[in-house]
Each structure stands twice: as structure tokens, then as C-alpha cells.
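One structure below.
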Amino acid sequence: MSELRDLYQEVILDHNRHPRNFGELAEANREADGFNPLCGDKIKVHLVVDEDDRIADIRFEGSGCAISTASASVMTETLKGKTVDEARALFHTFHDLVTGKTEGDLGELGKLAVFAGVAEFPVRVKCATLCWHTTNAALEESADAVSTE
């Protein structure tokens, strides 16, 4: 487990310092805003969903803690190219992971598996899942801003 903990710290630091897919996406056809009032994390997720219901592109912008930023960065890498249904399924799998409900082989989750360490810090679950809830809102084309409260 210490190897996973070390990888968790390495991935969090790397994706926080150098977030992937960060910035505006002018051609987005779905967007949503999210906010975590507990710690001040703010995020906007931009998506291009193509005619095949596939996430052709995804980017995010905003500010937040290291876990929030890293989670958004890894999420965008993971969801790019997935169908909307696959993205929804990954949301539930990720939520189960960070809330400690997932057991067994984490290999199928790829880089997302490193976020299993978040389950040890329940107050950080909202930081890790804000981007996922916001992406779900964008996929649902909800006009309401997402809040973790």
C-alpha cells in the first residue's frame, strides 16, 4: 500500500503543478460551473460532445487545492474519447473509490486508482469529486451551478 501512497503523492503533485487540459475551450458545446464553499475550490468544465455522444474534447479552468486540481487534470485525460455513458459510469466508479466503497483490483481505473488514498481523508472527498459532479452537470446540460454543500 505504501507504493500506492507514494504514487498518489507523486501524481497529485505533478498534476497540480502541471495540470493537463487546463484552460478555456472556445468550441465547447456543454459547460458547467462548480464550487466547493468549504475550501473555496472553483471549477468550470468545458466539453465538446460529438454527434456520436463521445467526449471529443474536455478542458477545465478555475482554482482549487492540489487534490481538486489534480483530480480535474486526471479526469480530463481519462474522459477524453469516452462516450457520455462511459463517463457517467466512471463517475460512479470514481466516487465509490474515493469514498472507500471500492474493493479489489484497481488496475482497471488506470491513473484514477491513485485517488484511493482520498478515502483516508473524508473531508477531501468533496475536493476530489467536484470536477466529476461538474462534468456530470455539463453532460446533463444543467444550467444550475454545482455546489458540494
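The values are calculated or read from the model by the stated rules, or taken from the named source; none is laboratory data. Quantities reported herein were computed from a predicted structural model and do not represent experimental measurements. So basically every Cβ, Gly included, is an ideal-geometry build from the backbone, and we count neighbours across all protein chains shown.
Tabulated data for the structure shown
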| item | result |
| --- | --- |
| Cβ-Cβ under 7 Å pairs, at least 6 apart or on other chains, the range 19-31 side in contact (Cβ under 8 Å) with a residue 40 or more places away in the chain, far side surrounded by 18 or more Cβ atoms within 10 Å (Cβ to Cβ) and β-branched (Val, Ile, Thr) | Pro19/Thr69; Arg20/Thr76; Asn21/Ile58; Asn21/Thr76; Arg30/Val49; Glu31/Val45 |
| Residues of the range 73-96 classified as buried (at least 24 other Cβ atoms within 10 Å of the Cβ) and under 18 Å from Phe121 (Cα atoms), total | 1 |
| Test set (1) closer than 27 Å to Glu149 by Cα; (2) surrounded by fewer than 18 Cβ atoms within 10 Å (Cβ to Cβ) - Asp41 fails condition number | (2) |
| Residues within the range 114-149 that are over 23 Å from Arg30 (Cα atoms) and in a helix (DSSP H, G or I), tallied | 11 |
| Leading residue by the ranking (modelled with the lowest pLDDT) among those in the range 62-104 that are out of contact with any helix residue (DSSP H, G or I) (no Cβ under 9 Å at 6 or more places or on another chain) and of a type in the set (Asp, Glu) | Glu103 |
| Matching residues in the range 10-22 - criterion: being hydrophobic (A, V, I, L, M, F, W, C) and either part of a helix (DSSP H, G or I) or surrounded by 16 or more Cβ atoms within 10 Å (Cβ to Cβ) (or both) | Val11, Ile12, Leu13 |
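This table checks each residue for (1) surrounded by fewer than 14 Cβ atoms within 10 Å (Cβ to Cβ); (2) not in a helix (DSSP H, G or I).
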site: Tyr8; (1), (2): no, no
site: Glu24; (1), (2): yes, yes
site: Ile58; (1), (2): no, yes
site: Glu61; (1), (2): no, yes
site: Thr69; (1), (2): no, no
